[in-house]
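See structure below.
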Amino acid sequence: MRKLLVFGALVAAASAAPAFAQEVSISGNVALATDYAFRGITQTDGPAVSGGFDVASDSGLYAGVWASSINFGTGGSNMELDTYAGYKFALGPVAMDVGAIGYFYPGAQDDGADLDFVEVYAKPSFALSEQFTLGGALYYSPEFTGESGDAFYYEVNGAFVATPELTLSGAVGMQTVDTTGFFAGEDDYTTWNAGGTYSAYGLGFDLRYHGTDVDNAAAYDDRVVLSIKKAL
């Protein structure tokens with residue numbers, strides 16, 4: 001309940017950004033993937049089905065919900081449900097995206113340590129050319145999943161539009177948390193991904209390599225993920 005109240009306050013803060021009566025658009029998506037890797041860690045250890053809806057206004061305000069199948073191998077929840085809200089705006093030549101996101105696991109057997117958590121984020125990006133964009137991200141949680149304390153996630157990412165159909169992209173990030181040894185015996189870890197997205201037949205095909213520097217737990221193993229997404 002405390003996390004829900006915190007998330008509600010963060011959403012309210014995001015919604016307080018300057019806005020006027022403007023056009024609102026609604027979009028959705030569904031996807032099938034060979035795995036669901038979150039910051040390099042598998043959440044399914046196998047195929048995943050996901051989908052979501054977004055509402056956005058011309059003012060830059062947006063909100064949405066997204067869900068995916070999961071399998072932690074411990075029973076309980078078989079779904080991750082994310083809700084988020086934020087504000088996109090220009091800061092000179094930098095495109096900014098700030099907001100809050102809540103990760104919820106309905107039915108999870110987490111009596112010992114609550115899996116639900118909330119993060120606030122800031123994601124700047126800069127177009128170096130018409131084809132190449134360089135970006136970054138900072139996420140902060142006051143109580144990370146498993147009640148593991150303060151957590152930060154830092155990321156540098158980039159995208160290159162090779163053709164109208166093909167975009168190449170990649171990222172390198174680091175996840176830290178207060179609890180000693182939380183990540184398979186590590187206090188923090190580095191993760192990276194690289195791949196490409198190809199649009200054809202009204203679908204987006206993404207082939208991506210995910211890796212981490214944790215080598216003593218199967219959930220952190222390097223993996224190649226293929227996903228197929230359909231915009232609604």
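The table below lists the values:
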{"read-out": "Long-range Cα-Cα pairs in segment 25-83 (distance over 17 Å), rounded percent", "value": "46 percent"}
{"read-out": "In nm, spacing of pseudo-spin labels at Tyr201 and Val172 (7 Å Cα→C-beta vector)", "value": "3.7 nm"}
{"read-out": "Inter-label distance, nm, simple model (7 Å from Cα along the C-beta direction), Leu134/Asp150", "value": "2.9 nm"}
{"read-out": "Top positive-direction residue, dipole computed over the chain with Cβ charges, set Val161, Ala31, Asn193", "value": "Val161"}
{"read-out": "Paramagnetic reach from Val161 (point 7 Å along Cα→Cβ, amide N under 18 Å) across segment 91-128", "value": "93-96, 125-128"}
{"read-out": "Isotropic mean projected area of the C-alpha convex hull, segment 64-127 (nm²)", "value": "5.4 nm²"}
{"read-out": "Debye intensity ratio I(q)/I(0), log10, the chain, q values 0.10 Å⁻¹ (C-alpha model)", "value": "-0.49"}
{"read-out": "Computed [θ] at 222 nm, deg cm²/dmol, the chain (DSSP H ≥ 4; -39,500 (n - 2.57); rounded to nearest 500)", "value": "-2000 deg cm²/dmol"}
{"read-out": "Modelled FRET efficiency - R0 22 Å, Ala231 with Phe126, Cβ distances, 0.05 increments", "value": "0.30"}
{"read-out": "DSSP loop GluC sites (Glu not before Pro) with at most 15 other Cβ within 10 Å: longest gap in the chain", "value": "24-129"}
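Every read-out reported here was derived from the displayed coordinates using simple, explicitly stated rules and does not represent laboratory data. The structure displayed is predicted, hence computed values, not measured ones. Ideal geometry is used to build each Cβ from the backbone, glycine not excepted, and the neighbour counts take in all protein chains shown.
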